[in-house]
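Working notes for the structure below.
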Amino acid sequence: MERLMQYVWQQRLWPQSEMRTVDGRRVQVIDPGKLNNDAGPDFFNAKVIIDGEMWAGNIEIHVRASDWHRHKHDDDESYDSVILHVVDKDDAVIRRKNGEIIPQMRMPCATDLNKHYGDLTGRADIDLPCAATIKEMPRLYLTDWIATLAYERLYEKAERIEEWRSRFSGDWEQACYVTVARCLGFGTNGEPFERLALSLPLIFIGKHSDSLTSIEALLFGQSGLLSIAPTDSYADRLKTEYEFLGKKFGLKPPSNLGWKMARMRPANFPHRRIAVLAALLHGGFRMMSRILEVKNPDEALNLFTPPLSRYWETRYTFGTQGQRILSSMSRASATIMTINVVIPLLLAYGNATGDTALTDRAIEMTHMIKPENNSIISLFEKTGIKVEDAFTTQALIQLRKNYCEKRKCLFCRVGHRKLSAHARRND
């Protein structure tokens, strides 16, 4: 409730009828102030006119006026700067430390606003409670929100890469290696893949980059999957190689990586994806250098279809051999790698070096890639949103994961439109 009240104050969604303090003085809001997400009053540097007199200072918002005492604000000097206490229930008189009464006002909200807010954030039984609002939104308004979400998601990925690069003392190839590894987990096994890459520095792999067997031994040994592999000549050879290399580099497999394989397509089994990572590392890992030369999605797709070792050409896991030769990665999977590896790395590098041609190329590629097909996209397509490219699908994934699922409707333009309409309906 308090968060909703803060939202109403910040967005000026109160009815425009005359507002007064609880003791009858007229209130006009000139500037609601800046929302404070840290300790201290809720809004800084507000300006209000109370009974014709201009006040400048901070605003504090509570459901009940008595929350002031419950939260110990009366013992905190930083709250002496509050010029207006906005409440839903006026159940206490609030004073500064010197005894002065702080002006207090009941927030004039539409009577059913809280109900509509609850419908948005509390209906776990509805996939998209704002679907009707989306259908009614002007296309230009919706298109602008989609663009904002797409950039938000893409730049979040680029920022994570920059964090990795900083951790690796500016080494782009090492940051690229961890990014590629994590993406090979395709969400479900992303965390285990990331931990695997972090446990096996690129410098160790580079010392044996000419031997695919050695690279596979290092990766499978560190993954923990080799220790539980059924016995065959290939697995035995990897175990012997890993025992030697593990001692040489002082390696220890990470504990409990938590690989997941239940209800997963065989092509996404971690064994096969590790084999793909080994093939990408074979011959020396220069992926970042190659990514910087990519001009279009087709060139990017070619980065992720390396030839596998003979053993993995016909297998998804250790053991039983299949009857046909398998591709190292499907086009759909390589496309996901392009979206989550190539484009963010181009963005990150372009941002770091000030090369706007690279950042423009990265964004342009998202418009050139066909849309992803998953349950999230289908959900929004039912509302009438036209999905034509990966730029739009990235926006919708961002909307679903970072706003809908987290119930951050107050920060979503769709939620804002729905709530503001109801807030003003009773004006």
Within the stretch 293-308, residues surrounded by fewer than 16 Cβ atoms within 10 Å (Cβ to Cβ) and either outside any helix (DSSP H, G or I) or of a type in the set (V, I, T) (or both) come out as E293, K295, N296, P307
In the stretch 34-45, the residues that are under 11 Å from L84 (Cβ atoms) and touching a Lys or Arg at 6+ places or on another chain (Cβ under 8 Å): F43
Sort out which residues of the stretch 366-411 are under 30 Å from R3 (Cα atoms), part of a loop (DSSP other than H, G, I, E, B) and touching a residue at least 60 places away in the same chain (Cβ under 8 Å), and write them in order of number. T383, I385, R407
Contacts under 8 angstrom Cβ, first residue in the stretch 23-49 being more than 14 Å from Q10 (Cα to Cα) and touching a residue at least 24 places away in the same chain (Cβ under 8 Å), partner part of a loop (DSSP other than H, G, I, E, B) and β-branched (V, I, T), 6 or more apart: V27/T21
Do you know which residues across the stretch 320-339 are open to solvent by 50 Å² or more (accessible area, probe 1.4 Å) and either assigned to a helix (DSSP H, G or I) or farther than 29 Å from A229 by Cα (or both)? R331, A332, I336
Does I343 fit the bill of being in contact with a Leu (Cβ under 8 Å, 6 or more places away or on another chain), surrounded by fewer than 20 Cβ atoms within 10 Å (Cβ to Cβ) and aliphatic (A, V, I, L, M)? no
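Is there a residue in the stretch 232-245 that is among the hydrophobic types (A, V, I, L, M, F, W, C), closer than 18 Å to I203 by Cα and surrounded by 15 or more Cβ atoms within 10 Å (Cβ to Cβ)?
Yes, the conditions are met somewhere in the stretch 232-245.
Which one of K386, K382, K370, K406 is surrounded by fewer than 20 Cβ atoms within 10 Å (Cβ to Cβ) and under 17 Å from the mean Cα position of the chain (by Cα)?
Of K386, K382, K370, K406, the one residue that is surrounded by fewer than 20 Cβ atoms within 10 Å (Cβ to Cβ) and under 17 Å from the mean Cα position of the chain (by Cα) is K406.
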Return the pairs, sorted by first residue and then second, in which the second residue is assigned to a loop (DSSP other than H, G, I, E, B) and of a type outside the set (V, I, T), the first residue lies in the stretch 221-235 and is at negative phi, the beta carbons are less than 6 Å apart, and the residues are 6+ apart or on different chains. Q222/L200; Q222/P253; A229/F318; P230/F318; P230/G319; A235/A229; A235/F318
Sort out which residues of the stretch 174-224 are closer than 22 Å to T305 by Cβ, of a type in the set (V, I, T) and surrounded by fewer than 20 Cβ atoms within 10 Å (Cβ to Cβ), and write them in order of number. T188, T213
Test set (1) at pLDDT 85 or above; (2) open to solvent by less than 30 Å² (accessible area, probe 1.4 Å); (3) out of contact with any Asp or Glu (no Cβ under 9 Å at 6 or more places or on another chain) - G99 fails condition number: (2)
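Within the stretch 241-279, track down each residue that is among the aromatic types (F, W, Y) and more than 25 Å from the chain's Cα centre (by Cα).
Y242, F244, F249
The values are calculated or read from the model by the stated rules, or taken from the named source; none is laboratory data. Being a predicted model, the structure only gives us computed values, none of them experimental. A quick note on method: Cβ atoms are made from the backbone with ideal geometry, for glycine too, and the neighbour counts reach across all protein chains shown. All accessible areas refer to the heavy atoms of the entire protein, side chains included, with ligands and DNA or RNA removed. Shrake-Rupley method; radii C 1.70, N 1.55, O 1.52, S 1.80 Å.
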